[in-house]
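For reference, the structure is listed below as structure tokens.
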Amino acid sequence: MLRLSDSPCAARGDNTAPHFAGARAHRRLGHTRALLMRDLFVGLVAAAVLLPALRLRAAEQPAPARPNVIVILTDDQGYNDVGFNGGKEIPTPNLDSIARNGVRFTNGYVTYAVCSPSRAGLITGRYQQRFGHERNPRWAPGNPAVGMSLDERTLADVLGAAGYHCGLIGKWHLGAHPNFHPLRRGFHEFFGMIGGGKRYFPADLTIDDPRAAKNEGESYRTKLTRGDQVIGTTKYLTDAFSDEAVAFVERHRERPFFLYLAYNAPHSPLQAPDEYLARFPDIQNPKRRTYAAMVSAVDDGVGRLLARLRELGLEQNTLVFFLSDNGGPTNDNASNNHPLRAGKSSPYEGGWRVPFAMQWPDRIPRGQDYNHPVSALDIFATAAHAAGAKTDPARPLDGVNLLPYVNGQITTPPHEAIYLRMYDRGAYAVRSGDWKLVIPAKDQPPQLYNLRADIRETRDLAQKEPEQLRRLEALRTAWNAQLIPPAFPGLQSEGLAPGAAKQKAKQ
Ligand code: CA
């Protein structure tokens, strides 16, 4: 700042006997000083007047639009049954386009190797073993104890509180009692099924009142629900869900929305119309052929949804995730988890490493592979961050916001480790860096694999690498100490559930 004592006049300190040139110089300097002071004054006044106005203008400017969020979940789809993981037999150009327009996660995990616990982790962003959701719930619409803890907040709760319009289309499977209904878990709209599965042809959906279904098998024959009203449908189930998804984004194009599109395909029963079966004349195995047709129907539906987003001008600013809820049960639905070991309900890679991709054209560079392990838990944290939504500090998230990782701002792995526990079997898995610990069942010794060298988990290095084994075992023990036992009886306690005996035999 200019001080008066620094000015030429003040420095001279004498204007009593100036000679002519000196007087002129003095006048010039005095004039300069006056101009300077005037400019300073004008500047200050201008700043006083304009700065608040500028601040106001900045506040009035719309913040960058918050993205829409779409989570597309399939059910029991194999790791290899998408083109973007190398599958050739079943073309999935639309699912592949998500990976191509954004990120393919080569090491993407869910939090459990069967449906319901995996969905509980995804929708809360927390390891579901923290709140006792460690079994597939029985179909028990009269039992308020069989479902996802009401103390937990869903992604719909959190995004809804931030002004998002939230819809679930498809499979819920987080409790059939009315207390657990999606409309009471943050969703503003619901179209689909409350239970764990559904037959695919409308003629098979013969039970009008879901409460009349006595077990899981009968729940597969109940009609669909819109909101909390039972409704009929005339469409193949996968097509019905895709049509609803397209209509949802059309209805809500003007506002930020969260769409959870949870297909039950390609979960059994294996059912597909001729239109889709006809695409696979060369597949001889009838189960595999029907499975391929079911995956193809999903891919068509996702293609229609993405095309509509594009037509509506929403594609650039919509964050889309795609993944399967667990690995493929290869014997049950003829899925393919190549090159991973085992499948659904297993702690080996085929059970819980899944096809996983994400796009957000406005914010994520396209066409990249991301190879550090990521989790379905990260969907919650990423979406909440992108939406500017507040999460509950009392229930800390286990996932992380993936954006700085896929944008290259952070190059270290997002997770020190990713965990799996299956309480009833005493099974565990811990993935940390290239290493993986597996305890296949209670009382079995831990196995250790280096997945970089041995993705198929064929060479147990537990004896050769005691330090790695100790490190992963310490991680497992510390994580396990934070968990509680299962809070409700599972599907297997029902005895009559479809596939229960088979699943038990497999385990
Ligand atoms: Ca599943």
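Tell me which residues come under 5 Å, amide H to amide H, from S324 once H is placed; ignore anything under 5 positions away on its chain.
Under 5 Å from the amide H of S324: T74.
Using modelled amide H (1.01 Å from N, peptide plane; none on Pro or chain starts), what sits under 5 Å from the amide H of L319, excluding residues fewer than 5 places away?
N68, V69, I70
Can you compute the modelled spin-label distance between A278 and D204, with each label point 7 Å from Cα toward Cβ, in nm?
2.1
Taking amide H positions as placed in the peptide plane 1.01 Å from N, state which residues far from A427 in sequence (5 or more) or on other chains have amide H under 5 Å from it.
Correct list: M422, K442.
Counting only protein heavy atoms and a 1.4 Å probe, tell me what percentage of segment 420-480's accessible area is made up of carbon and sulfur.
Within segment 420-480, the accessible surface is 48 percent carbon and sulfur.
Can you give the local net charge around F131? Use residues other than it whose beta-carbon is closer than 10 angstrom to its beta-carbon, Lys and Arg +1, Asp and Glu -1.
0
Report the label-to-label distance for D151 and T412 in nanometres (one decimal), using points 7 Å from each Cα along the Cα→Cβ vector.
3.1
Compute from the Cα atoms of segment 420-480 the Rg and the Dmax, the latter being the longest Cα-Cα distance, and quote both in angstrom.
10.8, 31
How many nm is it between the label spots at L312 and R452, if each spot is 7 Å from the Cα in line with the beta carbon?
4.4
Give the distance, in whole Å, between the Cα centre of segment 132-164 and the Cα centre of segment 66-93.
Here the two parts' Cα centres lie 25 Å apart.
Separation of segment 378-409 and segment 225-243 by C-alpha centroid, Å?
A separation of 32 Å, based on Cα centres.
The values are calculated or read from the model by the stated rules, or taken from the named source; none is laboratory data. None of these values were measured; they are calculated from a predicted model. Please note: Cβ atoms are built from the backbone with ideal geometry, for glycine as well, and neighbour counts cover all protein chains shown. To get the accessible areas, we keep the full protein, side chains included, count just its heavy atoms, and leave off ligands, DNA and RNA. Shrake-Rupley method; radii C 1.70, N 1.55, O 1.52, S 1.80 Å.
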